[in-house]
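The structure appears below as C-alpha cells.
The values are calculated or read from the model by the stated rules, or taken from the named source; none is laboratory data. Remember, predicted model here, so these are calculated numbers, not experimental data. Heads up, the Cβs are rebuilt from the backbone with ideal geometry, glycines too, and the neighbour counts pull from every protein chain shown.
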Amino acid sequence: LNQAVRNVNDGINLLQTADGALVETSNMLQRMRELAVQSSNATNSVSQRIYLNNEFTSLKTEITRISENTTWNNAPLFGASGVSLPAVAAVAAVDAVPAVAAVAAVAAVPAVVGPPAVAAVAAVPAVAAVAAVAAVAAVAAVPAVIGVVGTQAYAAGEARPADFVFQAGISAGQTISVKLDFMTASKLDVAGSNVLTFDGAQSSIGKIDIAIDTVNASRSAMGATMNQLSYSADNMINISTNIAASRSTVMDTDYATASAQLAKTQIISQAATAMLTQANQQPQSVLALLKG
C-alpha cells in the first residue's frame with residue numbers, strides 16, 4: 001500500500017508538471033489574442049502590424065517548443081510521448097493506389113485486407129471494369145485514414161498521445177489513466193494564423209478562442225484526474241493506518257496486563273522461595289532437638 005501511495009503521488013507530480021506547461025501555454029494564447037485585437041485596429045500602420053506579428057510568431061513557436069520539450073523523468077509529456085496510430089486495416093493497402101490511376105494498377109494489388117467490397121477488387125483481372133474501380137475510387141482517394149482521440153484528429157501513421165497509467169492499488173487492474181493531448185501550435189490550429197492584416201487578425205481571434213478552450217478543457221481533465229489520484233492516495237493511507245492499528249491490536253503487548261501478570265508471577269515466586277527456605281530449615285531444627 002505504501003508503494004501504491006508513492007506511485008499515486010508521483011502521478012500527481014507528473015500531472016502538476018504538465019499543468020504548469022499548460023498554464024504558460026494559456027498565458028501565451030492570451031497574449032496572442034491581445035496582439036490580434038490590437039492589430040485589428042485601423043490605426044495601425046503596416047510596419048506596426050509587422051512588429052505585432054513578429055511577437056505573435058515567436059509565441060506560436062514557444063507554444064510548440066513547450067509542448068515538445070516538457071518532460072517528466074526524461075519522458076515527454078505531450079505529443080512526442082505518443083505511439084504510432086496504425087492505418088485502418090480496411091484500406092491499408094488501397095490508400096497507396098492513386099484515386100483512379102489505371103485499372104491495371106488496381107488489378108495489380110494482389111490482396112487487400114478489408115471488407116468484401118474492397119477485397120473484391122483483387123479478384124478483378126486487368127480488365128477495364130470501371131464499376132469495380134469506382135467502388136474503391138473513393139477509398140483509394142483518401143490519402144490517410146483519420147483516427148480521432150478526444151477532440152483532436154490524427155492521420156494514419158502520425159503519432160498520437162499515449163495514456164499515462166498509474167498503479168493506484170496493490171492489485172492488477174487498479175489503475176488510473178490520463179491522456180495528454182498534443183498542445184503544439186499546429187494541433188491548436190493557430191500555426192497558420194497571423195496578424196499582418198485586419199482579416200488575418202480577425203480570423204486569429206476566433207482560432208485563439210477555440211485554442212484557449214481546448215487548453216482549458218485539458219487542464220480541467222487533468223485537475224479532475226489529480227483530484228482522483230489524491231483521493232485514492234488518502235484512501236490507501238487510511239487503509240494502511242487501519243491495517244497497522246489492527247495488527248497492533250493483535251500482535252503488540254498490552255502493557256497494563258503484562259505488568260499485572262509480571263507482578264503476580266513475582267509474588268508467587270517470592271512465596272515459593274520463602275516456603276522452600278522454611279522447609280530447608282526444618283531438618284536443622286530436628287537435629288538441634290536431638291542434640292539437646
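One residue is enough: does region 38-54 have a residue meeting the conditions surrounded by fewer than 18 Cβ atoms within 10 Å (Cβ to Cβ) and of a type in the set (Phe, Trp, Tyr)? Among the residues of region 38-54, at least one is surrounded by fewer than 18 Cβ atoms within 10 Å (Cβ to Cβ) and of a type in the set (Phe, Trp, Tyr), which makes the answer yes. Identify the residue in region 167-184 that is of a type outside the set (S, T, N, Q), in a loop (DSSP other than H, G, I, E, B) and surrounded by fewer than 21 Cβ atoms within 10 Å (Cβ to Cβ) and, among all such residues, is modelled with the highest pLDDT. My answer is Ala172.
Looking across region 62-95 at every residue that is part of a helix (DSSP H, G or I) and surrounded by fewer than 14 Cβ atoms within 10 Å (Cβ to Cβ), the one that is modelled with the lowest pLDDT is identified as Ala89. Taken over region 18-42, residues that are out of contact with any Leu (no Cβ under 7 Å at 6 or more places or on another chain), assigned to a helix (DSSP H, G or I) and among the polar types (S, T, N, Q) amount to 4.
Which members of region 171-203 meet the condition of being more than 16 Å from Thr64 (Cβ to Cβ) and polar (S, T, N, Q)? Across region 171-203, the qualifying residues are Ser171, Gln174, Thr175, Ser177, Thr197, Gln202, Ser203.
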